[in-house]
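The structure under discussion appears below in the form of structure tokens.
The values are calculated or read from the model by the stated rules, or taken from the named source; none is laboratory data. Just so it is clear, the structure is predicted and the values come from calculations on it, not from any experiment. When we count neighbours, we look across all protein chains shown, and the Cβ atoms used for this are built from the backbone with ideal geometry, even at glycine. What goes into the accessible areas is simple: the full protein's heavy atoms, side chains included, and nothing from ligands, DNA or RNA. Shrake-Rupley method; radii C 1.70, N 1.55, O 1.52, S 1.80 Å.
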Amino acid sequence: MGFQIWQMGFCFWLCFSLLSHSLSFASSQADTAEGDATVEGTVFIDGKAPIGSIDDDFICATLDWWPPEKCDYGTCSWGLAGLLNLDLSNNIFLNAVKAFSPLKIRLGGSLQDKVIYNTDDNRAPCTPFVKNTSEMFGFTQGCLPMNRWDELNAFFAKAGAKIIFGLNALTGRSIRSDGSAVGAWNYTNAESLIRYTVEKNYTIQGWELGNELCGSGVGTRVSVNQYAADTAALQSIVQDIYKDIDFKPLIIAPGGFYDSNWFKEFIHKTTKSLDVVTHHIYNLGPGVDEHLVEKILNPSVLDGESGTFSGLHNIIKSSTTSATAWVGEAGGAYNSGHNLVTNAFVFSFWYLDQLGMASKYDTKTYCRQSLIGGNYGLLNTTNFVPNPDYYSALLWHQLMGRNVLSTSFAGTKMIRSYTHCAKQSKGITLLLINLDNSTTVQANLAFNGTMTLQHKHRSRTLHHKHRSHKKLIIQLPQGADAEIRREEYHLTAKDGNLHSQTMLLNGNILSVNSSGIIPPLEPLHVNSAKPIMVAPLSIVFIHMPDVIIPACKEYGQPLTTITEQGHFPLRHRGKGQIRDTLNTVSFSLDASIKNTDRKHRTTVSHSPKSFEAYR
């Protein structure tokens, strides 16, 4: 089978057939189902232990400083979405943030290193950004008035957001002709802002130093030694200001593109001052690229970013640092994205794959560029109505728990698969992404575990023994009509149009109502005996509350009685499949278990077989 779990000991595979679409959903998919090829595949999940973990508030989005005059490729896509002019009274905006309870919001971007704060120490006029093509990033210095900072914090408190503030890290430095920024950071103005914030009792989750100044930099760069010294200075300031406050904000840096040598040295030099190391992702290239859709649907392109995640993960693991990794900003396509691509349904393939991949490498938080603004906002820049990726983010937030499970898919390269312990139960949630435009995928699900299977009619219990003779007990249902049910969330584009800004959930349009209320994300409740068809160019979240595995045991004890310490706590009721990939021994049990004289049948083959185990 190519899945060499047997090297770790004896194992069996518990397999479930996943469901087909409900009749109502199937009717909405009729235009894509006709003539589609169908392939079978298997999702392999290692349930012994998690391979990583994420924050409960893993989902994060950014707000930027860009004024309306920010334009790319002749298109001005920011409108009134900048921090200085965003309409904080919009009800959809408030409800969209409140729906996450909480949503992390990172305030920053290219212009953050050109912002001064109009605190008592500031002697310069407090003027907005003005377009000037001779200036770095095309704008003059801008200013944050304290009354605007008050307004922003009032909104964040009302919405229940957790705020990461990106500080100006260029004050006090001079920029040389080679593009490097030299000199120590002048933190006077930043310190004044932090003090003002504390005096006003505003809660800040973290203070981040600088934006894209690490490595080769964007616009300019700061040497690793200087950056490490400045990070230590920020930590010292924060420790002093918050010394009498119980909650201590995170020290976050450098907020730039991953450079292995620079990051390795920086992490080594900040082991006592840094809480979070952040990096940015724009792996699809410029927003003007006309081949973005092909890149998004190309597994090889998606896989390309794994090197960044694994590289940073390995640096942190090999260091004495206690810092964790975050994606501090990720818009996929730089220079504001691409209209009807990075703000349309098709971008959820990239976005959700990124969330899954980042989680596998122990990334704790993922900040999407942007919450609103540009052509990659989760919300429409003009009317605040959610774009498709907003609903993808909200589903992830509601369904995907902290523990990340090792997951792989065999059968086609066009399926992306990720599994977490569930957020709403003691079970698991599986994410399947079908990149194929013409192939429906029927997926089976397999877990690793201990070895043999024995059926006892009288006790209605399955006993599994391995060589140490410890037992795994799976409690069968007491009634003949008992069954496992699961919840499924199928995401598709309206009319099958990948460029649509309308997303369908289980065939139903997702939209805010006249009061600006975010719609509830309702699942299909499915008998787990039914097979699944992952439609072409669709995304499916599958919440299985009754599948309990060791990696998820921190969420509480399963309902199954475990009679020996060290047993595999796995609860399973209803129809299903049990598969041992070592010998491929399939046991077919009497579904109703009414006839106690009926013997179970054993079939040995060289390839897996699906079968009905019990009801």
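Taken about its Cα centre, the stretch 79-162 carries a charge dipole of about 300 debye when Lys and Arg each add +1 at the Cβ and Asp and Glu each add -1 at the Cβ. Once the C-beta distance of Lys530 and Thr502 is scaled by a Förster radius of 45 Å, the resulting FRET efficiency is 0.95 to the nearest 0.05.
Rounded to the nearest 0.05, what FRET efficiency do Arg123 and Thr382 have when you use their Cβ-Cβ distance and R0 = 45 Å? Computed FRET efficiency for Arg123 and Thr382: 0.75. Taking θ as phi - 60° and the Karplus parameters 6.51, -1.76 and 1.60, the scalar couplings of the stretch 545-551 work out to x, 8, 9, 10, 10, x, 4 Hz in sequence order, x denoting glycine and proline.
For the stretch 374-397 versus the stretch 494-554, the spacing of their alpha-carbon centroids is 16 Å.
Among the protein heavy atoms of the stretch 56-401, carbon and sulfur supply 48% of the accessible surface, probe 1.4 Å, non-protein parts ignored.
Close amide H pairs (under 5 Å, H built 1.01 Å from N) link Leu144 with Ile116, Tyr117, Asn118, residues at least 5 positions away or on another chain.
Using 1/(1 + (r/R0)^6) with R0 = 30 angstrom and r between the beta carbons of Ser511 and Arg485, what's the FRET efficiency to the nearest 0.05?
On the way: r = 28 Å, r/R0 = 0.92.
The computed FRET efficiency comes out at 0.60.
For the peptides 293-303, 230-240, 386-396, 269-279, the ranking by packing is 386-396, 269-279, 230-240, 293-303, with the highest mean count of neighbouring Cβ atoms within 10 Å listed first. Surface calculation, 1.4 Å probe, protein heavy atoms: His291 sits at approximately 110 Å² accessible.
Only Lys, Arg, Asp and Glu count, each charged at its Cβ (+1, +1, -1, -1), so figure out the dipole size of the stretch 56-401 about its Cα centre, rounded to 20 debye.
Details: 25 positive and 33 negative charges, 82 e Å.
Computed charge dipole of the stretch 56-401: roughly 400 debye.
For the stretch 118-134, the residues whose amide N sits under 13 Å from a probe point set 7 Å from the Cα of Thr188 along the beta carbon direction are 119-124. In this simple spin-label model, placing a label point 7 Å from the Cα along the Cα-to-Cβ direction at both Ser177 and Ser319 gives a separation of 3.5 nm. Measuring from centroid to centroid over Cα atoms, what is the spacing of the stretch 181-236 and the stretch 403-428 in Å? When both Cα centres are located, 38 Å separates them. Accessible surface for the stretch 56-401, divided over its residues, is 35 Å² per residue with a 1.4 Å probe.
Remark: the stretch 425-435, residue by residue, has Karplus-estimated 3J(HN,Hα) of 7, 8, x, 10, 10, 10, 10, 10, 10, 9, 7 Hz, where x stands for each Gly or Pro and the curve is 6.51 cos²θ - 1.76 cosθ + 1.60 at θ = phi - 60°. Annotation: amide H-H contacts under 5 Å for Val534 (H modelled 1.01 Å from N, sequence separation of 5 or more, or interchain): Val441, Gln442, Ala443.
Among the chymotrypsin sites (Phe, Trp or Tyr not before Pro) within the stretch 50-126, those in coil by DSSP and having at most 15 neighbouring Cβ atoms inside 10 Å are Tyr73.
Derived scalar couplings between HN and Hα for the stretch 321-332 equal 5, 9, 5, 10, 9, 10, 8, x, 6, 8, x, x Hz in order, rounded to whole Hz, by the Karplus curve 6.51 cos²θ - 1.76 cosθ + 1.60 (θ = phi - 60°), x for Gly and Pro.
Set the bar at 23 Å for Cα to Cα. Now go through Lys162/Lys553; Lys162/Lys200; Lys264/Lys364; Lys98/Lys423; Lys158/Lys360 and name every pair that lies beyond it. Beyond 23 Å between Cα atoms: Lys162/Lys553; Lys158/Lys360.
Taking the stretch 525-540 and a reference point 7 angstrom along Cα→Cβ of Val39, the backbone N atoms nearer than 15 Å belong to 534-538. Ranking Lys104, Lys243, Lys360 from most to least accessible surface, computed with a 1.4 Å probe over the protein chains only, gives Lys243, Lys360, Lys104.
Between amide H atoms placed 1.01 Å from N, distances below 5 Å from Lys162 occur with Leu103, Lys104, Ile105, all of them 5 or more places distant or on a separate chain. Highest average first, the peptides 411-422, 257-268 ordered by how many other beta carbon atoms sit within 10 Å of their residues are 411-422, 257-268. For the stretch 56-401, give the share of DSSP beta bridges that are antiparallel, in percent and rounded to the nearest 5; count only bridges with both residues there. Of those bridges, close to 15 percent are antiparallel. Where a ≥ b ≥ c are the square roots of the eigenvalues of the C-alpha gyration tensor, would you call the stretch 56-401 rounded, which needs a/c under 1.5, or, failing that, prolate if a/b is larger than b/c, or oblate? Rounded shape, in that the Cα axes give a/c under 1.5.
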